[in-house]
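Single-structure report; data block below.
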């Protein structure tokens, strides 16, 4: 049986250039899914693209660090930096405070619910949820997010753990791959969450491309998709255009967004031409 493949672009709504890339790639048949940032500067444009292209599965890219909230700051105080208006800008600070019990699960649930409801209020049937910086690999984040998914009628969530066969291909820096191996300790607890174990919220068998973030070019993408085993997998990617709008955004992924866009356009049609190619789906296909 051929594998099933979700081709998902993160950061939908971040800029007009990211949105343009998502639209073009979906129209070219090389992108099946995208996750929309509720507070992205180009949210309205992204929502319009989503409504105009119903075959594009659109999830909610829940942001809990390095961004601004949808909720009133007074409703989610433990999620905010000392200024009290935005999230902690550094992932390391978020993880530190999460593990020390300084972040309230109720605050996570409140903000995640507000972000999902914003998409749904814009007329978008949300196919799944994932998180900026993959913060839901930690049980303290996954638990409230799964409650939100159930409350909002969302039936799928990203498996934030890169499949060992993928990160063992050696893409990305050695430090990144060591992080993948260390974080793998949370894989078991993630799969054991009652909603996932019971099947009310589904997840793919694993993700690909996380360790290659910033290094996902034609060669690495080709190696990953050629090695695809049986099962259901998500390719995590960040295509876009490196334009003036992106210059105003604090992100480490700039010129490489265009490299990823070109890689998808080149590699995916080639893979689909092989015998027994993967079946392309979005999260609605789970």
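The values are calculated or read from the model by the stated rules, or taken from the named source; none is laboratory data. Only a predicted model underlies this, so the values are computations on that prediction, with no experimental measurement involved. Every residue, glycine as well, gets a Cβ built from its backbone with ideal geometry; the counts of neighbours run over all protein chains shown.
Checking the conditions here, which among 90, 96 is free of Cβ contacts under 8 Å to residues at least 40 places away in the same chain, out of contact with any helix residue (DSSP H, G or I) (no Cβ under 8 Å at 6 or more places or on another chain) and under 20 Å from residue 10 (Cα atoms)?
Values: 96 fails: under 20 Å from residue 10 (Cα atoms).
Answer to the selection: 90.
Take residues that are more than 29 Å from residue 69 (Cβ to Cβ) and tell me which of the helices (runs of 4 or more DSSP H) falling wholly in segment 107-223 contain 2 or more. Steps first, please.
Details: elements: 139-151, 164-167, 174-183, 187-192, 194-197.
Output list reads 164-167, 174-183, 187-192.
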**Request:** Can you tell me which residue within segment 204-232, out of those that are within 18 Å of residue 134 (Cα to Cα) and in contact (Cβ under 8 Å) with a residue 60 or more places away in the chain, is surrounded by the fewest Cβ atoms within 10 Å (Cβ to Cβ)?
**Result:** 204
**Request:** Looking at (1) touching a residue at least 24 places away in the same chain (Cβ under 8 Å); (2) under 24 Å from residue 135 (Cα atoms), find the lone condition where residue 17 falls short.
**Result:** (2)
**Request:** Kindly establish whether residue 259 is outside any loop (DSSP other than H, G, I, E, B), modelled with pLDDT under 95 and under 18 Å from residue 29 (Cα atoms).
**Result:** yes
**Request:** Return the total of residues in segment 137-164 being surrounded by 18 or more Cβ atoms within 10 Å (Cβ to Cβ), farther than 13 Å from residue 190 by Cβ and touching a helix residue (DSSP H, G or I) at 6+ places or on another chain (Cβ under 6 Å).
**Result:** 3
**Asked** So which residues in segment 207-239 are at positive phi and modelled with pLDDT under 95, if there are any at all?
**Response** 209, 214
